[in-house]
Amino acid sequence: MPERNVLSGIEAALYDLKGKMYGIPVYELLGGRKHESILCYATGGPSNYPLDKLFKKIEFYMSLGFKGVKIGAGEHHADDNSGLGRTVSSNVPSQAADIEGRKLSAIRQRFGNNVLMMMDGHMGNWPDMESIWSLDTAKAVMKVCEEQDLFFFEEPLHYNDPWGYAELCKSTTVTIAGGECLAGASEWKLYIEKDCFDMGQPDAAYVGGFGQFMKIAQLFEGHSRRIATHSWAGGGGFMQNIHAAFACPNTAIVEIAPAYGPLHSEIIGDSFVMIDGRVRCPEKPGLGIVLTEETKNRFPFVRGSGEWNSVPGKVLTD
């Protein structure tokens with residue numbers, strides 16, 4: 001798995017170089033631009049509690065120009081000694097449905113339909129294994145979500161249950177999204193063939209490169225399904241996903257890290273443009289990124305850092 005990540009980075013550097021040599025954006029090397037602009041959303045992390053804190057988070061993202069926001073399942077409280085806070089959830093169907101139903105109802109009462117809402121179950125990497133949702137719990141949560149007009153619900157189940165994902169998709173009108181923990185097209189094949197996701201979330205900086213990303217997107221297109229890029233990396237990975245998204249006709253929406261820091265801003269510069277909640281097609285050659293020696297020295301690579309998640313056939317142990 002780490003090998004695919006390394007390949008993604010090496011390949012991205014070569015595509016960036018080739019694009020700059022020929023004076024064209026990377027998406028032109030992937031088959032050309034398929035969109036003038038693409039809808040985007042602010043990836044919002046956990047659902048801060050009490051609810052007034054969550055409302056302030058959503059208001060902040062909207063003040064940055066976002067029209068769509070994704071929030072996490074459960075209730076995140078800052079009142080612990082770790083400094084990181086704790087997220088409370090439940091695997092009891094009625095309790096989980098009550099938590100998410102009350103939360104979404106409160107958001108709709110506060111913001112109406114002025115915000116495009118998405119929710120992330122985080123069941124692919126939930127820290128407390130006892131709280132990972134069962135299929136029955138996921139079905140109960142989707143039932144209350146059907147009333148709230150979600151754009152999609154991400155990772156409502158763990159990746160070790162593709163059969164549960166397929167059944168869940170058939171049982172609800174909520175768009176089920178997932179796949180951020182899956183790498184090459186070979187890993188995605190089972191989930192796509194079984195219709196586990198209504199919307200796939202490949203990450204060009206994770207799946208093994210642009211070629212693998214395009215194959216995955218094409219597999220979804222063959223099943224009349226769209227993609228929503230996953231993007232949780234620094235500036236280089238961020239722009240990899242932007243270019244990949246513009247090269248795929250079935251891209252529905254892209255994930256954006258809001259109010260990002262210097263590992264984004266110093267690398268991206270002004271290559272990323274969002275207007276009225278939509279990402280404009282990049283115009284600069286290559287990926288439109290610059291990595292200076294100063295930035296590298298201030299943020300050195302730390303060997304062994306990073307996050308990995310288990311999926312079938314790729315179970316991680318200490």
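The values are calculated or read from the model by the stated rules, or taken from the named source; none is laboratory data. This is a predicted model, so every value here is computed, not measured. Neighbour counts run over all protein chains shown; Cβ positions are idealised from the backbone, glycine included. To get the accessible areas, we keep the full protein, side chains included, count just its heavy atoms, and leave off ligands, DNA and RNA. Shrake-Rupley method; radii C 1.70, N 1.55, O 1.52, S 1.80 Å.
Figures for the structure shown
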read-out	value
Test: residue in segment 106-119 that is under 21 Å from residue 159 (Cβ atoms), touching a residue at least 12 places away in the same chain (Cβ under 8 Å) and either touching a His at 6+ places or on another chain (Cβ under 6 Å) or open to solvent by less than 50 Å² (accessible area, probe 1.4 Å) (or both)	yes
In segment 299-318, the residues that are at pLDDT below 60 and either in a loop (DSSP other than H, G, I, E, B) or of a type in the set (Asp, Glu) (or both)	312, 313, 316, 317, 318
Hits in segment 76-112 (condition: modelled with pLDDT under 95 and in contact with a Leu (Cβ under 9 Å, 6 or more places away or on another chain))	76, 78
From 284, 296, residue being open to solvent by 50 Å² or more (accessible area, probe 1.4 Å), over 30 Å from residue 126 (Cβ atoms) and either modelled with pLDDT under 95 or assigned to a strand (DSSP E or B) (or both)	296
All positions within segment 163-183 that are in contact with a helix residue (DSSP H, G or I) (Cβ under 7 Å, 6 or more places away or on another chain) and surrounded by fewer than 20 Cβ atoms within 10 Å (Cβ to Cβ)	164, 167, 171, 172
Selection from segment 218-270 of residues that are among the polar types (S, T, N, Q), surrounded by fewer than 23 Cβ atoms within 10 Å (Cβ to Cβ) and part of a helix (DSSP H, G or I)	218, 265
Among residues of segment 2-23, those that are at pLDDT below 95 and either open to solvent by 80 Å² or more (accessible area, probe 1.4 Å) or at positive phi (or both), counted	4
Any pair with Cβ under 7 angstrom, 6 or more apart, that starts in segment 210-225 at a residue that is among the aromatic types (Phe, Trp, Tyr) and ends at one that is open to solvent by less than 70 Å² (accessible area, probe 1.4 Å) and outside any helix (DSSP H, G or I)	210/30; 210/204; 213/202; 213/204; 213/207; 220/200; 220/227; 220/250
Residues of segment 187-229 satisfying the condition of being in contact with a strand residue (DSSP E or B) (Cβ under 6 Å, 6 or more places away or on another chain) and either closer than 27 Å to residue 265 by Cβ or among the aromatic types (Phe, Trp, Tyr) (or both)	197, 201, 220, 227, 228, 229
Output for segment 208-217, where each listed residue is closer than 26 Å to residue 174 by Cα and open to solvent by less than 10 Å² (accessible area, probe 1.4 Å)	213, 216, 217
Scan of segment 44-88 for residues that are farther than 16 Å from residue 104 by Cα and of a type in the set (S, T, N, Q), ordered by number	63, 81, 82, 87
Considering residues of segment 127-162 that are of a type in the set (A, V, I, L, M) and in contact with a strand residue (DSSP E or B) (Cβ under 9 Å, 6 or more places away or on another chain) only, the residue surrounded by the most Cβ atoms within 10 Å (Cβ to Cβ)	138
Answer from 92, 26 - the residue that is open to solvent by less than 70 Å² (accessible area, probe 1.4 Å) and touching a strand residue (DSSP E or B) at 6+ places or on another chain (Cβ under 7 Å)	26
Residue that is in contact with a His (Cβ under 7 Å, 6 or more places away or on another chain) and open to solvent by less than 30 Å² (accessible area, probe 1.4 Å), where the choices are 72, 44, 65	72
Test for residue 203: is it at pLDDT below 95 and not polar (S, T, N, Q)	no
Selection within segment 83-120 - part of a loop (DSSP other than H, G, I, E, B), in contact with a Gly (Cβ under 8 Å, 6 or more places away or on another chain) and not hydroxyl-bearing (Ser, Thr, Tyr)	115
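The rows are residues; the columns are (1) under 17 Å from the mean Cα position of the chain (by Cα); (2) assigned to a helix (DSSP H, G or I).
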position	(1), (2)
187	no, yes
190	no, yes
195	no, no
202	yes, no
205	yes, no
208	yes, no
213	yes, yes
216	yes, yes
